[in-house]
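Participant: Quick one: structure below, then a few questions.
The values are calculated or read from the model by the stated rules, or taken from the named source; none is laboratory data. Quick caveat: nothing in here was measured; it's all calculated off a predicted structure. Cβ coordinates were reconstructed from backbone atoms using ideal geometry, including for glycine residues, and neighbour counts include every protein chain displayed.
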């Protein structure tokens, strides 16, 4: 698989789909693990209760025998039988306490075995005969929570292992999911790269020869044709420069110098003037000297893309306002505008919102890339049929 | 203790005793069968119900298990 800058860059909206997939996958994974954990916890609790029931049932039978003996010896003997392994109580059939050594008074006569809020296990045995007037014998032992500790330990260990296994599966699924996307991006990149190499020489030849033509010596009809060729060649030239920036990243984009942005804007406005005039678009410049330490070629790409977009998406006889202040640059067109829900995607690579205009949808992606590289801010505002305004601040 | 063994709770014991004193019968007596075969049961009480109830209350307080276990 080809590896280059573009291949490694996923489009923002496709990233969103990935995040959604990931969130869904994590929720699903956590739900499965939680459900299994709950089931395991309940199972362990039932198992512990089953064991306690067997033990407490034996204790209760033993205690019942002692109570029966005491019944026939009462009142000469009135000491309630005690046992070091448990504490107990007797209640009559009207749920009135006869005698109790219990530490927890939370008694639930509807259940045979339960855990109280203060972590005591109660076992209730019901008598057929009312020895000492008792219908219910309640046995109480401490819940040492050893089972709970072991259960949690197992949930954490096996749950952690399950998360690890699910994560590995998720990673492979994600790669499977990304594979067609990466392939299509790499094909597109390869195409751009190959095309770029082949464009430079013929394009330079066209532009140079157009500049060399003496327009005064040719008739009006031919002059119009030459102008159209000039416009077309300059449009291709902007595209070529963008593609060069993306695909080649040559040395001309590496060094920084102090530049006056005003000069670049004036130069590029003049360059694009013929394109603008073809749609009867006029420039309104409100620019002052503004100095930046940046790579001149990179910033030319920024200005070129903002202006060429403002021309491309403007209406006939439209206006392009360029305002350069000490720490901001705004390029505003009077064109078709972009819907508010789409504005967040305008800086995504290959995103185009108007198929009637040409281009690959890479211009604003390049602008954003350069702006981010210099730690500047870029903001886009747009209103349908009123125009789009893009502001860079530093 | 026989009434307690047979009837359980306080209200049950008191109601059982009252019923027996008012309508004495071998069938509802709590005494053992052998005892009943040897001895006759007491005749119908001439004491009125209110006095009987009061007497049973005094009896209960005298012989109850509750509060007497240590």
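Participant: Which of the residues spanning region A:61-80 are surrounded by fewer than 15 Cβ atoms within 10 Å (Cβ to Cβ), assigned to a loop (DSSP other than H, G, I, E, B) and either at the interface with chain B (Cβ under 9 Å from one of its Cβ atoms) or touching a residue at least 12 places away in the same chain (Cβ under 8 Å) (or both)?
Facilitator: Passing the criteria: A:75, A:78, A:79.
Participant: Are any residues in region A:83-102 touching a helix residue (DSSP H, G or I) at 6+ places or on another chain (Cβ under 9 Å) and within 14 Å of chain B (Cβ to nearest Cβ), and if so, which ones?
Facilitator: A:88, A:90, A:92, A:93, A:94, A:96, A:98, A:99
Participant: Now, a different point. For region A:325-339, indicate whether the set of residues that are part of a loop (DSSP other than H, G, I, E, B), in contact with a helix residue (DSSP H, G or I) (Cβ under 6 Å, 6 or more places away or on another chain), farther than 25 Å from residue A:280 by Cα and modelled with pLDDT of 65 or more is non-empty.
Facilitator: Within region A:325-339, not a single residue is part of a loop (DSSP other than H, G, I, E, B), in contact with a helix residue (DSSP H, G or I) (Cβ under 6 Å, 6 or more places away or on another chain), farther than 25 Å from residue A:280 by Cα and modelled with pLDDT of 65 or more.
Participant: Just the residues that are surrounded by 14 or more Cβ atoms within 10 Å (Cβ to Cβ), touching a residue at least 24 places away in the same chain (Cβ under 8 Å) and within 14 Å of chain A (Cβ to nearest Cβ), please, taken from region B:1-37.
Facilitator: If the condition is that a residue be surrounded by 14 or more Cβ atoms within 10 Å (Cβ to Cβ), touching a residue at least 24 places away in the same chain (Cβ under 8 Å) and within 14 Å of chain A (Cβ to nearest Cβ), then B:1, B:3, B:4, B:5, B:6, B:10, B:13, B:14, B:17, B:30 are the ones that fit.
Participant: What about residue A:304, is it surrounded by 16 or more Cβ atoms within 10 Å (Cβ to Cβ) and modelled with pLDDT of 90 or more?
Facilitator: Here the answer is no, as residue A:304 does not meet what is asked.
Participant: Yes or no: residue A:229 surrounded by 12 or more Cβ atoms within 10 Å (Cβ to Cβ), under 22 Å from residue A:309 (Cα atoms) and at pLDDT 85 or above?
Facilitator: yes
Participant: Going by the structure shown, is residue A:218 farther than 30 Å from residue A:369 by Cα, loosely packed, with under 14 Cβ neighbours inside 10 Å, modelled with pLDDT of 80 or more and touching a helix residue (DSSP H, G or I) at 6+ places or on another chain (Cβ under 8 Å)?
Facilitator: yes
Participant: To continue, here is another question. Those residues that are in contact with a helix residue (DSSP H, G or I) (Cβ under 9 Å, 6 or more places away or on another chain) and loosely packed, with under 11 Cβ neighbours inside 10 Å, I need them from region B:55-65; list them, please.
Facilitator: Selection gives nothing.
Participant: Under 7 Å between Cβ atoms, at least 6 apart or on separate chains: pull out the pairs that start in region A:278-297 with a residue that is at positive phi and end on any residue that is in a loop (DSSP other than H, G, I, E, B) and surrounded by fewer than 17 Cβ atoms within 10 Å (Cβ to Cβ).
Facilitator: Pairs found: A:280/A:316; A:280/A:317.
Participant: Does any residue of region B:38-54 turn out to be within 14 Å of chain A (Cβ to nearest Cβ), surrounded by 10 or more Cβ atoms within 10 Å (Cβ to Cβ) and closer than 20 Å to residue A:133 by Cβ?
Facilitator: no
Participant: A further question on this structure: Looking only at residues that are crowded, with 17+ Cβ neighbours inside 10 Å and at pLDDT 90 or above in region A:142-158, which one is nearest to the other protein chains (Cβ to nearest Cβ)?
Facilitator: A:151
Participant: Additional query: Please go through region A:103-133 and pick out each residue that is touching a strand residue (DSSP E or B) at 6+ places or on another chain (Cβ under 9 Å), surrounded by 17 or more Cβ atoms within 10 Å (Cβ to Cβ) and within 14 Å of chain B (Cβ to nearest Cβ).
Facilitator: Passing the criteria: A:127, A:131, A:132, A:133.
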